[in-house]
Amino acid sequence: MAYEFTKEDLQEIETIKAKYPEVMPATLPTLWVAQRRFGHVEPEVQRLVAETLGLPEAHVHGVANFYTQYYKEKKGKHVLDVCTCLSCQLCGGYEILHHLEEKLGIKAGETTEDGTFTLNQVECLGACGYAPMLQVTNDKYVNHLTKEKADELVEKLKSGEELEYEQIKMPQHKNI
Amino acid sequence: MPEIFIDGHRYEFEGEHKVLQFIQDLGKEVPFFCYHPSMTAPANCRQCMVKAGQYMKSRETGEYEVDENGDRVIRWFPKLQTSCNLMAADGMVILTQETDEQVKRAQKDNLELILINHPLDCPICDQAGECPLQIQTYKYGPEGSRFEVKKVHKPKRVQLGPRVVLDAERCINCTRCTRFTQEISKTHQLTITSRGDKNYPTTAPGREFDDPYSLNTVDICPVGALTSADFRFKARVWEMNQTPSIDITNGKGTNIDLWTRDNLILRVTPRFNSEVNDHWMPDAGREAYKIFNENRISRPQQKLDGEKVLSSWNNAIATLGEQIEDTDNAKIVVIASPHASVEENYALSKYTNLLRLNAPVFTSHIEEGTGDGFLLSDDVAPNTNGCRLLGFKELDKSAISKEIQKAELVIILNDNLVDRSVVSADQLKDKFVAVFATNNSETAEIADLVIPITTAAEHAASYVNVDGRIQRTYRAKETKYTNRRIDLEMSEGRLDRYGTNFDNWVTEDNKIDCMPMWEIVNNLADAAGLDINFKDGREIMDEIASSVSNFSGVSFAAMDEQAGIQLSIKKETSTSK
Amino acid sequence: MSTVDWKNYTPVLLPDIKDLHKIDVYTKNGGYKALKSVLTDKKKWEGPKAVVEEVKKANIRGRGGAGFNAGLKWSFMPPADGGPRYLACNGDESEPGTFKDRKIFEYNPHVFIEGALIAAYAMEITTIYVYIRGEYKTYIDMMEKAISDAYDKGYIGKNILGSKFSVDFYVHSGAGAYICGEETSMLESLEGKRGYPRVKPPFPAQKGLWGRPTTINNIETLSHVTGVINNGAEWFSSIGAPTHPGPVLYGISGHVNNPGVYELPSGVPVLDLIEVAGGMRNGKKLKAVIPGGSSTPVLRADQLDGITMDSDSLRTVGSMLGTAGMVVMDEDTDMVDVLWRIAHFYHHESCGQCTPCREGTGWLEKILLKIKNGDGEVRDLDLLLDLTTQMEGRTICALADAAAWPVRFTINRFRDEFEARCIKKAHAVA
């Protein structure tokens, strides 16, 4: 299928370009625009980005493949990025990952047959104090995971419910 | 003058110098992979480590500070430095692997790391024998590997483009190839993909690496990651002879090397010349190796009753002599050639002048659109300016065709005038056409007499490029009448030195039955009772230099010393874009 | 050693004020006063240089991990020549154990924006970019809002607060690459390229973004500038440990009861900090602490007596403050697993540009995996230690060092535990 940016996308890309003295810096933000529009940046989308910005295709390809958040292939509707790095490892990140593997019937890195979920094991997401945690499709963080909370999350996503932003109150130290 | 101290020796320098390049220019060595003198220095291979420091100078006196023993005080940089991007500074002290154990160890450590994911299968790798990684590992690397876990696997035998094949596992991520397409050819066709130890160079998905200069990446790849689709696995580098030459497929006169094995040219690679082509050459010129091997005219040919038959040399020489004698001088046209060397053109003209034939004429060979503003010009002949400087009359296509119409005997020096539509076969039908030619062509096909001459790979002769630079070739390939072992100027490879008659790579089949133009001229002159005795290109050039003012001061020795000589040409004759 | 009075400390970066992220609330609480002061109070601030001097005097040591005096860094900028100059704010925080700057984005974005604007004024910067890691999408949105509000109120843009000072301020989102927290790699990423660290020299102050003078500062570092301008350098340098002064955002994670980000003076005793975070989880005993992000050398519990969270004190036991992202480990922690996971992280995040890191990080991880799986041999431990020396100080950026230090120090400090996991049998002879 041929990919095309909408008028609004193109307008957004123009706004992005205006932030920088050159076009190349628009590569990352434009890949983001593309991924939000198409759900991934497969080679054909990379080509569209290169054409839109007037940059070499190889450049866009090299950039897309350097950064892990760009989906170089189609993913499930919901991508569950489970952090297993240091603090999450200490607090049970792997248990959550394995639990989700069992629940969804897939291994980390795979997508369910119905295309609803992709499960990934990822590096530190910068939520070490709220471990174990995961991120849903490059967006909301789900913190302080337990197996039960993970199950609830899966059901919630299946039912199409929007995720709320989980605000974490600043702990104050005066309590000691 | 600023001074720098390398391994205890003092050197003076002026201007800006990268330490690695400075050391190389001294004829010394520090191992490296990613650095290339014509591109930016990313310092990513980390191989060229040296220990660097600075002699301390007193602020007040400007004199070097000395310690209690009278030795100069050195402030060492806290870490070892990559010499490729370290700029030489006054009072700098450099220790290389020759004098410093720490540097030696660092280089060895780095090679161990480079090799952990690199296949250790040199015996089956096409790069073996000319592989900087292999060579430097022998010289500076560890004796074994402590890597006992799994290597990273990557794509192998990827046809990156029509001419280049990638083995990503061999890649050491020096980025010379990607930098080449960014900085030199500017096609931006290559990028590094992925991250970390999964990195390797590639094109955008679905795109071909069809950069017209793509094969330069093969030349500069310091490992066997990028290989030439055409040349790979054809020959081991140590089986070949390497001979300097000039690209004869374009007027730019790119400096090249011809690689020969058993009298076949197997590949062409660029040879550095800062005035002409730097380190590079277009892919187009590399195909040219085939014209030295294939489709060659071997032994003179004559048309008898409309049928081409092989002829003896004596018969061929006699036939041409008779034709000239039997034809009214006014009805003879002699066509010199921008595709032939200065010496060949001169030899022919000397003969025809002595016979008082019409002065030779020529027509240039321009193919609009070939020029790319880099290493290709629209003029696709190697010696157009040579013909001009010899004073030959330059005619355009229709003028030369008119000359031919008037003639009864047409003598053509290696120029495929029919093939390039200067004249038609029909126009030549009722004339006697004698050609001196290297390869079969339509022109040779319709000729009544074909005399085979040597190619640029078989003679040492000069060519003047579009910018007026005269440069010369060397003999790379034997003919039926030459012998590498007694020709002092021919390069001698390992096989020549140590091979025996029983070695299966030695055959007589690949020697062409042809002669240098000047030897043929000697024979023609002899038959006509003229006194011409050309020995070789070197002597002819000496004669030209003393008799044609445009070439004064030119000699083989001077060309060798200065990598060619710039001649003064009229600006408008330059077709270099 | 004088003890830091942290118990009576009142947070300044992250004070307990409701809706402080809203610009009106921020200004009502004294926000943008510092900016106004440097731009308009010519008696107090003779010019940009005076601001640089004040910040230099405050000795704000970079909170991104390297701990370099921010004012001193600013003073490396060459004189303005009329061309563009850039401030790149580093909000890429990705070092495992570090999660503090997001609190500023969320709870007090304007203290950072104000600090960055003051920095821009001080260095005669023309454009500010804040680079935020792509995973922080929520905070990127929050920052976009805060910046747009500040534009609307005239704190950013042309002729700010009626002065001659004009500056633009943009958010640039990362897309998943730890290395982009390295300052020159971040510049490459901002320029739209693969995040390969640059070879130095030239340093960013000479040739940064698009070849122009550029300064890179961490978010927390810049946020402190606001307080320094409001309260003076002395106020700042009198807080916490004298050689590494000022408030610090401590991110505490791991086996504690109340993990999270705590704003306290520098120099809080490590053991007190664990108590601040609610003490050890499930009443377990403390085994080890990684004081400032995964690359800082791990410390055994028995090394922690009297050690405070500042660079001098931590140096005495062979570690560093880093990002002050402290990871606490209890007695049940398997140090082999922990080290393997750290090695896995650096292997995954190595950009692959230069040899020792690209190849070394993978090798480290593979050997550690072998040991973790019970297939290791004691000689592998020595190989690991040897490898760290082949990586440290040999690369373009510090990622190789960051990968090597944990290996070196964790093995050295928990050697018994590693040896116990190795195969003991000698190789069979036949």
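The values are calculated or read from the model by the stated rules, or taken from the named source; none is laboratory data. All figures in this text were calculated on a predicted structure; none of them were measured in a lab. Note that we place each Cβ from the backbone using ideal geometry, even for glycine, and neighbour counts take in every protein chain shown.
Out of curiosity, is C:Ile252 within 10 Å of chain A (Cβ to nearest Cβ), among the hydrophobic types (A, V, I, L, M, F, W, C) and within 26 Å of C:Ala403 (Cβ to Cβ)? Answer is yes for this residue. For B:Gly27, indicate whether it is under 19 Å from B:Tyr140 (Cα atoms), outside any helix (DSSP H, G or I), free of Cβ contacts under 8 Å to residues at least 60 places away in the same chain and more than 13 Å from every other protein chain (Cβ to nearest Cβ). For B:Gly27, the condition - under 19 Å from B:Tyr140 (Cα atoms), outside any helix (DSSP H, G or I), free of Cβ contacts under 8 Å to residues at least 60 places away in the same chain and more than 13 Å from every other protein chain (Cβ to nearest Cβ) - is met.
Taking B:Gln81 as the residue in question, decide whether it is under 30 Å from B:Gly144 (Cβ atoms), surrounded by fewer than 22 Cβ atoms within 10 Å (Cβ to Cβ), modelled with pLDDT of 95 or more and within 14 Å of chain C (Cβ to nearest Cβ). Yes, satisfied. Quick check on the range B:315-336. Is at least one of its residues small (Gly, Ala, Ser) and assigned to a loop (DSSP other than H, G, I, E, B)? Looking through the range B:315-336, at least one residue is small (Gly, Ala, Ser) and assigned to a loop (DSSP other than H, G, I, E, B).
Do you know which of the residues in the range A:14-30 that are in contact with a strand residue (DSSP E or B) (Cβ under 9 Å, 6 or more places away or on another chain) and facing chain C (nearest Cβ under 7 Å) is surrounded by the most Cβ atoms within 10 Å (Cβ to Cβ)? Once the filter is applied, the top-ranked residue is A:Leu28.
Let's see how each residue does on (1) surrounded by 18 or more Cβ atoms within 10 Å (Cβ to Cβ); (2) touching a helix residue (DSSP H, G or I) at 6+ places or on another chain (Cβ under 9 Å); (3) not β-branched (Val, Ile, Thr):
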position	(1), (2), (3)
C:Arg198	yes, yes, yes
C:Thr215	yes, yes, no
C:Asn218	yes, yes, yes
C:Val225	yes, yes, no
C:Trp235	no, yes, yes
C:Val256	yes, yes, no
C:Gly260	yes, yes, yes
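Taking the criterion of being out of contact with any strand residue (DSSP E or B) (no Cβ under 6 Å at 6 or more places or on another chain), within 26 Å of B:Lys151 (Cα to Cα) and facing chain A (nearest Cβ under 8 Å), the residues of the range B:187-216 that qualify are B:Thr191, B:Ser194, B:Arg195, B:Thr203, B:Ala204, B:Pro205. Against the conditions (1) within 14 Å of chain B (Cβ to nearest Cβ); (2) crowded, with 19+ Cβ neighbours inside 10 Å, A:Glu73 satisfies every one except (2). In the range C:211-238, the residue that is farthest from the chain's Cα centre (by Cα) out of those that are under 20 Å from C:Gly91 (Cβ atoms) and within 14 Å of chain A (Cβ to nearest Cβ) is C:Thr214. Screening the candidates B:Ile520, B:Ile470 for the property of being out of contact with any Cys (no Cβ under 7 Å at 6 or more places or on another chain), of a type in the set (A, V, I, L, M) and part of a helix (DSSP H, G or I) yields one hit, B:Ile520. Exactly one residue out of C:Ser166, C:Ser148 is at negative phi, in contact (Cβ under 8 Å) with a residue 12 or more places away in the chain, of a type outside the set (Phe, Trp, Tyr) and assigned by TED's automatic domain parsing to the domain that holds C:Glu46, and it is C:Ser166.
Taking the range C:304-336 as the range and being under 17 Å from C:Pro247 (Cβ atoms), within 12 Å of another protein chain (Cβ to nearest Cβ) and not in a loop (DSSP other than H, G, I, E, B) as the test, the residues that pass are C:Gly325, C:Met326.
Residues in the range A:135-170 that are basic (Lys, Arg) and free of Cβ contacts under 8 Å to residues at least 12 places away in the same chain: A:Lys149, A:Lys156, A:Lys169. Among the numbered conditions (1) closer than 30 Å to C:Met280 by Cβ; (2) among the aliphatic types (A, V, I, L, M); (3) within 14 Å of chain B (Cβ to nearest Cβ), the only one that A:Val82 does not meet is (3).
Tallying residues that are part of a helix (DSSP H, G or I) and within 14 Å of chain A (Cβ to nearest Cβ) within the range C:112-138 yields 2.
When you scan the range C:396-407, do you find a residue that is without any contact (Cβ under 8 Å) to a residue 60 or more places away in the chain, within 10 Å of chain B (Cβ to nearest Cβ) and in contact with a helix residue (DSSP H, G or I) (Cβ under 6 Å, 6 or more places away or on another chain), even just one? Checked the range C:396-407: at least one residue is without any contact (Cβ under 8 Å) to a residue 60 or more places away in the chain, within 10 Å of chain B (Cβ to nearest Cβ) and in contact with a helix residue (DSSP H, G or I) (Cβ under 6 Å, 6 or more places away or on another chain). Of all the listed residues (C:Leu14, C:Leu20, C:Leu35, C:Leu39), the sole one being in contact with a strand residue (DSSP E or B) (Cβ under 8 Å, 6 or more places away or on another chain) and farther than 30 Å from C:Thr316 by Cα is C:Leu14. Of the residues making up the range A:32-70, those that are within 9 Å of chain B (Cβ to nearest Cβ) and free of Cβ contacts under 8 Å to residues at least 12 places away in the same chain are A:Ala50, A:Pro56, A:Glu57, A:Ala58, A:Gly62, A:Asn65, A:Phe66. Out of C:Pro242, C:Pro247, report the one residue that is at pLDDT below 95 and either within 18 Å of the chain's Cα centre (by Cα) or surrounded by fewer than 24 Cβ atoms within 10 Å (Cβ to Cβ) (or both). Just one listed residue meets the conditions, C:Pro242.
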